[in-house]
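The values are calculated or read from the model by the stated rules, or taken from the named source; none is laboratory data. Owing to the predicted nature of the structure, the values given are computational and were not obtained by experimental measurement. Cβ atoms come from the backbone with ideal geometry, glycine included; neighbour counts cover every protein chain shown. What goes into the accessible areas is simple: the full protein's heavy atoms, side chains included, and nothing from ligands, DNA or RNA. Shrake-Rupley method; radii C 1.70, N 1.55, O 1.52, S 1.80 Å.
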Amino acid sequence: MTDLRKLRQNIDKIDEQLSGLINQRMMIARAVAQYKKDHNCRVLDTERENEIIQKACERSASEALKPYQEIFFRQLMALSRDYQREIIKNENDK
Ligand SMILES: O=C(O)C(=O)C[C@]1(C(=O)O)C=C[C@@H](O)C=C1
């Protein structure tokens, strides 16, 4: 097998894990949305997002990867907020 094929197999395995983790994270985000709706809370919590970014940067394997960790988690939380708003909107439409 070529080196490239082996490397891609490794990426595929990680992507599989990421997909499973994204499914789990979004299911929890759904429960958070329900809580926020019931308790009349805003979806955006900047303080919590900054904590998550801080922790992600601390876990970074190198200084050079920190900006990528930050962008990845910012995007992930933006998707989480979009999903939560969609859930809250659909609940309100019922
Ligand atoms: O912890 C929350 O309050 C969430 O709604 C979850 C979450 C996240 O995806 O981590 C999403 C939106 C908030 O701005 C903060 C964090």
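Observations, loosely collected:
- Some residue of region 28-37 being open to solvent by 100 Å² or more (accessible area, probe 1.4 Å), within 11 Å of the chain's Cα centre (by Cα) and free of Cβ contacts under 8 Å to residues at least 60 places away in the same chain: yes
- Total residues in region 1-32 satisfying the condition of being farther than 23 Å from Tyr83 by Cα and in a helix (DSSP H, G or I): the figure is 12.
- Selected residue (only one of Leu44, Leu21, Leu65 is farther than 30 Å from Asn92 by Cβ and among the hydrophobic types (A, V, I, L, M, F, W, C)): Leu65
- Lone qualifier among Lys55, Lys13, Lys6 - being farther than 29 Å from Asn90 by Cα, without any contact (Cβ under 8 Å) to a residue 60 or more places away in the chain, under 14 Å from the mean Cα position of the chain (by Cα) and open to solvent by 70 Å² or more (accessible area, probe 1.4 Å): Lys55
- Within region 58-83, considering residues that are among the polar types (S, T, N, Q) and more than 20 Å from Gln24 (Cα to Cα), the one most open to solvent (accessible area, probe 1.4 Å): Ser62
- Exclusive hit being loosely packed, with under 10 Cβ neighbours inside 10 Å, assigned to a helix (DSSP H, G or I) and within 16 Å of the ligand (Cβ to nearest atom), set Glu47, Glu86: Glu47
- Hey, Tyr35 part of a helix (DSSP H, G or I), within 9 Å of the ligand (Cβ to nearest atom), modelled with pLDDT of 95 or more and aromatic (Phe, Trp, Tyr) or not: yes
- Scanning region 60-78 for residues that are without any contact (Cβ under 8 Å) to a residue 12 or more places away in the chain and either within 10 Å of the ligand (Cβ to nearest atom) or part of a helix (DSSP H, G or I) (or both) yields Glu63, Ala64, Leu65, Lys66, Pro67, Tyr68, Ile71, Gln75, Ala78.
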